[in-house]
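K.L.:
Next up is a structure, given as structure tokens.
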Amino acid sequence: MSQNPFAPPVNQSPHPEGGDGDASGFWREGSYLVIRKDADPLPHRCVKCNAPAQARNIRQVQWYPRWITLTVIVCWPAFLIGYLLTRKTAKPNVGLCMRHAKRTKMLLFLGRVFLVVSLVGLTVGIFSDSLWFLLSGTVGLLISLAPLILAIVLRPVHIDNERGKYKGAGPAFLDTLEEMPPGDEPLATH
């Protein structure tokens, strides 16, 4: 009896070379996924549902300490300076199945369409002194944020110079990964 080559892997090492999580540079830390910046690409499985991946998602993500947001209250230049000085970036290379890849593309498309339409409404409202266009453009701008936020595959919880800690990986995918390697200390979750 032959096995289905399209079935998700069962009880196999999640690492391409069969090594451990520390050698490949990624592991789980409870319900979080931790990826070293110099890590191998994650296994060719969907990070959301653990099905075989048909697409790769390589998007730059940014993280900054949450206390920086409070500086907006004081003055926005302080926020901008603090943000630029403390932000950390990473590009996690994760797989997505066709269903989750299509969902991500659709949400990005909807968010961008709402953004463009709301900016047009705001512009028309400003130049024509139409309160209706101004209000609808503002509401549309807020609505456009929802699909753009939902399209994020992995949300950074903390990023430092060596690794990033992310939420958003599915439990089925996380169950195939090893726990934090010995000798490593947990990353903060603020």
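Computed from the coordinates by the stated procedures, all read-outs in this text should not be read as laboratory data. All figures in this text were calculated on a predicted structure; none of them were measured in a lab. Ideal geometry is used to build each Cβ from the backbone, glycine not excepted, and the neighbour counts take in all protein chains shown.
K.L.:
Got the relative contact order for region 77-190 handy, in percent, Cα pairs under 8 Å and 6 or more residues apart? Spell out each step's value before the answer.
P.N.:
Working: 99 pairs, mean separation 25.4, N = 114.
After rounding, I find 22 percent.
K.L.:
Sorted from fewest to most neighbouring beta carbons within 10 Å, what does the list Ser144, Ser31, Ser24 look like?
P.N.:
Values: Ser144 20, Ser31 10, Ser24 23.
Lowest count first: Ser31, Ser144, Ser24.
K.L.:
Which pairs in the list Lys37/Lys105; Lys88/Lys165; Lys48/Lys102; Lys48/Lys105; Lys48/Lys88 are over 19 Å apart, alpha-carbon to alpha-carbon? Write out the running numbers ahead of the final one.
P.N.:
Values: Lys37/Lys105 25 Å; Lys88/Lys165 12 Å; Lys48/Lys102 13 Å; Lys48/Lys105 15 Å; Lys48/Lys88 24 Å.
Violating the 19 Å Cα-Cα cut-off are Lys37/Lys105; Lys48/Lys88.
K.L.:
Among Cys75, Cys97, Cys49, rank each residue by its count of other Cβ atoms within 10 Å, from fewest to most, as a rough exposure measure.
P.N.:
On the way: Cys75 10, Cys97 20, Cys49 15.
With the fewest neighbours first, Cys75, Cys97, Cys49 line up as Cys75, Cys49, Cys97.
K.L.:
Here's something else I'd like to know. Given charges of +1 on the Cβ of Lys and Arg and -1 on the Cβ of Asp and Glu, with all other atoms neutral, how large is the dipole of region 21-174 about its Cα centre, in debye to the nearest 20? Can you show the working numbers first?
P.N.:
Working: 20 positive and 7 negative charges, 100 e Å.
Using only the charged Cβ atoms, the result is roughly 480 debye.
K.L.:
Order by neighbour count: Ile35, Ile73, Ile68, fewest other Cβ atoms within 10 Å first, most last.
P.N.:
Values: Ile35 25, Ile73 9, Ile68 18.
Listed from fewest to most nearby Cβ atoms, that is Ile73, Ile68, Ile35.
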